[in-house]
Amino acid sequence: MVRRSPGLPGRLPRGVARAAESAAGNATAAGYLTGWRLVRLLPEPQAQALFRRIGDEIHRRDGRGVRRLRSNLHRVHPGLTDDALDTLTRDAVRSYLRYWCESFRLPSWPVEDVLRRTRTVDEHRVRDAYAAGRGVVVPLPHMGNWDWAGAWACATGMPLVTVAERLRPERLYDEFVAYRASLGMEILPLTGGDASMPRLEEWVRAGGLVCLLADRDLSRSGVEVTLCGQRARVPRGPALLARRTGAPLLPVTLHYDGDEMVVTFHEPVPHRDGDDGLVAMTQGVADAFTEAFRAHPQDWHMMQRVFLDDPDDPADQDPPR
């Protein structure tokens, strides 16, 4: 029997609550890390089949994240029937679990496999900009496998710096940082560390590549844009960094094609001055994302709120008609 703290009905004592949270966090981290190691031991077809089954079970349970994903995909393709939207949502969950399966296995992939299975579209846009020595700022969405894309960039002579949301428990975040560092990336924490912008500016001004996920605002200082014909709030950081350093702002999107991943380099977004110019540059990034989401919606893994006209809880949203 658990004794309640006086004056706090229904709550555990603070010390007990912290211990329970720590124990749960350690268990979560241990589960991730065990899976991370075990999945590498399976042949790839078996590993992918396992994660596909997990994805189908997650879709069947229709939890909050799946409902949000369905809502986001409805914004991308509002004309779909309920059945077609549900099939698309299932395929997107499968694609998301494929990302996790590959991420668990990616550190053990030979570099030759990463190169062989990566196909690019208009790669000259990043190569020309990088060769010019001015640095490159790449905004990209939660699409395909961004860790794979980062590994490809590092393996082809473009080491990069990026920013990652700090995960809890801390042990899990540390493992992800170490994992991405093993692929050749430098990871800066979004919160809980030194401000990231000075380091990003330093890297870009030295001619380096910066890649930033840019389809969800985590800073509360994003700008409103039109994404897939809907109002959305996305980060302004990529446009701001590009403008401060004079580097090209080069949107990149990703999608799967069989066992390959396709990396598409969109046209650079023109620089513009002033606050309105910053919004216009961010809108240019959103336009590139819109094109990719509509062409390959199943590979957009966004399970958080993006569109401003959606309710905070996807369960409060009327079902699509």
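The values are calculated or read from the model by the stated rules, or taken from the named source; none is laboratory data. Just so you know, these numbers come straight off a predicted model, no measurement behind them. Quick reminder, even Gly has a Cβ in these numbers, built from the backbone with ideal geometry, and neighbours come from all protein chains shown. Note: accessible area is taken over every heavy atom of the protein model, side chains too, but ligands, DNA and RNA are not part of it. Shrake-Rupley method; radii C 1.70, N 1.55, O 1.52, S 1.80 Å.
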Looking only at the range 147-164, and only at residues there that are of a type in the set (A, V, I, L, M, F, W, C) and closer than 12 Å to Ile187 by Cβ, the one that is surrounded by the fewest Cβ atoms within 10 Å (Cβ to Cβ): Ala164
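Let's see how each residue does on (1) touching a Phe, Trp or Tyr at 6+ places or on another chain (Cβ under 6 Å); (2) open to solvent by less than 40 Å² (accessible area, probe 1.4 Å):
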{"residue": "Leu69", "(1), (2)": "no, yes"}
{"residue": "Thr81", "(1), (2)": "no, no"}
{"residue": "Tyr96", "(1), (2)": "no, no"}
{"residue": "Ser108", "(1), (2)": "no, no"}
{"residue": "Asp113", "(1), (2)": "no, no"}
{"residue": "Arg125", "(1), (2)": "yes, no"}
{"residue": "Ala131", "(1), (2)": "no, no"}
{"residue": "Val137", "(1), (2)": "no, yes"}
Single condition Val225 does not satisfy, out of (1) outside any helix (DSSP H, G or I); (2) touching a Ser or Thr at 6+ places or on another chain (Cβ under 7 Å); (3) under 28 Å from Leu106 (Cα atoms): (3)
Restricting the range 35-59 to residues that are open to solvent by 50 Å² or more (accessible area, probe 1.4 Å), closer than 19 Å to Val93 by Cα and aliphatic (A, V, I, L, M), the residue that is farthest from the chain's Cα centre (by Cα): Leu50
The range 184-240, subset more than 21 Å from Arg294 (Cβ to Cβ) and hydroxyl-bearing (Ser, Thr, Tyr), residue modelled with the highest pLDDT: Ser196
Phe51, sole failed condition from (1) within 20 Å of His301 (Cβ to Cβ); (2) among the aromatic types (Phe, Trp, Tyr); (3) at pLDDT below 90: (3)
Residues being of a type in the set (S, T, N, Q), farther than 20 Å from Ala164 by Cβ and part of a strand (DSSP E or B) - total across the range 228-254: 1
Meets criteria (part of a helix (DSSP H, G or I) and either open to solvent by 30 Å² or more (accessible area, probe 1.4 Å) or closer than 28 Å to Pro78 by Cβ (or both)) for Met261: no
Elements of type helices (runs of 4 or more DSSP H) in the range 98-183, at least 3 residues being of a type in the set (Ser, Thr, Tyr), out of contact with any strand residue (DSSP E or B) (no Cβ under 7 Å at 6 or more places or on another chain) and more than 16 Å from Gly208 (Cβ to Cβ): 170-182
Filter result for Arg305 (of a type outside the set (Val, Ile, Thr) and outside any strand (DSSP E or B)): yes
Failed item in (1) out of contact with any Gly (no Cβ under 7 Å at 6 or more places or on another chain); (2) part of a strand (DSSP E or B); (3) within 25 Å of Gly157 (Cα to Cα), with Leu212 passing the rest: (1)
Criterion violated by Val121 - all others in (1) of a type in the set (A, V, I, L, M, F, W, C); (2) open to solvent by 50 Å² or more (accessible area, probe 1.4 Å); (3) at pLDDT below 95 satisfied: (3)
Every pair of residues 6+ apart whose Cβ atoms lie under 9 Å, when the first sits in the range 267-295 and is under 15 Å from Arg75 (Cβ atoms) and hydroxyl-bearing (Ser, Thr, Tyr) while the second is modelled with pLDDT of 95 or more and assigned to a loop (DSSP other than H, G, I, E, B): Thr290/Cys228; Thr290/Gly229
